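Here the structure comes first, spelled out in structure tokens, and everything after it is commentary.
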């Protein structure tokens, strides 16, 4: 069930009314929310609700067993068993085909030309990485004694809550479980309607209008057939994909956060002007922040973080980013994307340490230097997006090669609406941070009729400018 559809509008209307009618009764509310979330997930493919249910059972049992164990070896054993069970499901459904193809190709390169391995074709459930990571963090936080176990029904609602279910944000158990436990204390009179409307309608505009237009106008034609396009088209396609994936993913999370607000729940922020970052490390503090903090707390820190030698820290960064790349998709292009970001962060750490050793601040603060860092970081991020978006390495290298060799050739796809959309979208990253808050305040000052008129006109603009059908969000694949 896609957010920008009539189906979801009807579904959410029913859930919104039921949510607030049943809110004073905790157990019925939790059952209602759980059923609604499973209906939402079943809309994609009803068979995968059993996978969500099994993951939930593993998470509940794992948390209970870790919590009840009285010795450290037993606690560690149950933690490992839970991780093996949940990562086993994730590995089978997401990576089985990738690994069998990789092993088969490796055997052929080594000279084994016998019967090829049977290729395992497994349909990938939408959002499996997101609810798996949330389940693992719940059990791991119990293991670290940062969290106590919650009732089974609460955990089931936590993992399946439909606004975040298929594409995040990755909400920590310490954030959402307390809100579920005190759900009856919510009051519909205190819904932040201006903020929710700003997020939902802004997210719809980013996804339905900007992301869809840039995708169809230049990104898809160029990336699908890179050898047919000139350097200007390739350059704007790469920048266009940076706009597309940002508007697509941040649009989804804005809608998710807005829907949760209307139901009385608060999700963490997931984006903060990522294309204004001054380094790749800064980029990951701004892009998909719930994933980057998850990787930091549950991969990087357990590996040792920045403790130990500089070489050990670089190793930990590379492992974390390579795993982060693989999390995004079962292809070596995603691993290369993660490796590029890991290498860039290692170089950034090295440069900052050199400046500190010379008695300088970690980063220069002069305005020209800041602009240069932002420009250079954006180019590196876009280079990474080439591998992220390209289906194969040959396509990625064809794009990069033609970017430097085909200037002067015709560029019919580089039309002024495309350029204006891309440049305008990137420029908005540099708008004052308080602009959104001022828009919300202005909307809040309107009367009920005026609010309805503004929302109606906004919806009319979105449906008029958007395409006839809306493609699934990019991060549904992850």
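Considering only alpha-carbon pairs that sit under 8 angstrom and 6 or more positions apart, the relative contact order computed for the chain is 19 percent. Listing 59, 102, 71 from fewest to most neighbouring C-beta atoms within 10 Å gives 71, 102, 59. Using a cut-off of under 17 Å, list every residue of the range 250-280 whose amide N is near the label point 7 Å from the Cα of residue 365 along the Cα-to-beta-carbon line. The answer is 278. A Förster radius of 51 Å combined with the Cβ-Cβ distance from residue 224 to residue 71 puts the calculated FRET efficiency at roughly 0.35. Ranked for footprinting exposure by Cβ neighbours inside 10 Å, fewest first, 278, 76, 358 give 358, 76, 278. Modelled this way, with points 7 Å down the Cα-to-C-beta line, the labels at residue 46 and residue 347 are 5.3 nm from one another.
For residue 273 and residue 307, a Förster radius of 41 Å and the Cβ-Cβ distance give a FRET efficiency of 0.85, rounded to the nearest 0.05.
Just check the range 1-54 against the gyration tensor rule for me: Cα atoms, a ≥ b ≥ c as the square roots of the eigenvalues, rounded for a/c under 1.5, and otherwise prolate or oblate depending on whether a/b exceeds b/c. It is oblate, given that a/c is not under 1.5 and a/b is not larger than b/c. Shape class of the range 1-150 from the alpha-carbon gyration tensor: oblate, with a/c at 1.5 or above and b/c at least as large as a/b.
A simple packing score, the average count of other Cβ atoms within 10 Å per residue, orders the peptides 369-378, 439-448, 191-200 as 191-200, 369-378, 439-448, with the highest score first. Assuming R0 = 22 Å, what is the FRET efficiency of residue 84 and residue 293, from their Cβ-Cβ distance, to the nearest 0.05? FRET efficiency, residue 84 to residue 293: 0.35. Taken as Cα centroids, the range 403-478 and the range 29-81 sit 38 Å apart, rounded to the nearest whole angstrom.
Extension gain, residue 379-residue 450: 0.36 nm per intervening residue step, less the Cα-Cα distance, totals 21.3 nm. For the pair residue 175 and residue 428, the difference between a 0.36 nm per residue extended length and the Cα-Cα distance amounts to 88.1 nm.
Label separation (residue 397 vs residue 457): 5.4 nm, computed from points 7 Å beyond Cα along the C-beta direction. Measuring nothing but how far apart in sequence close Cα pairs (under 8 Å, 6+ apart) lie, relative to its length, the range 286-416 scores a relative contact order of 17 percent. Take every pair of alpha-carbon atoms less than 8 Å apart whose residues are at least six positions apart; their mean separation over the length of the range 19-190 yields a relative contact order of 32 percent. Between residue 357 and residue 332, the contour length at 0.36 nm per residue exceeds the Cα-Cα span by 5.3 nm. Sort 154, 7 by Cβ crowding within 10 Å, fewest neighbours at the top. Ascending Cβ contact count within 10 Å gives the list 7, 154.
Read the figures in this text as sums done on the coordinates, not as results from a lab. All of these numbers come straight from a predicted model, not from anything done at the bench. Here the Cβ is made from the backbone with ideal geometry for all residues, glycine too, and neighbour counts use every protein chain on show.
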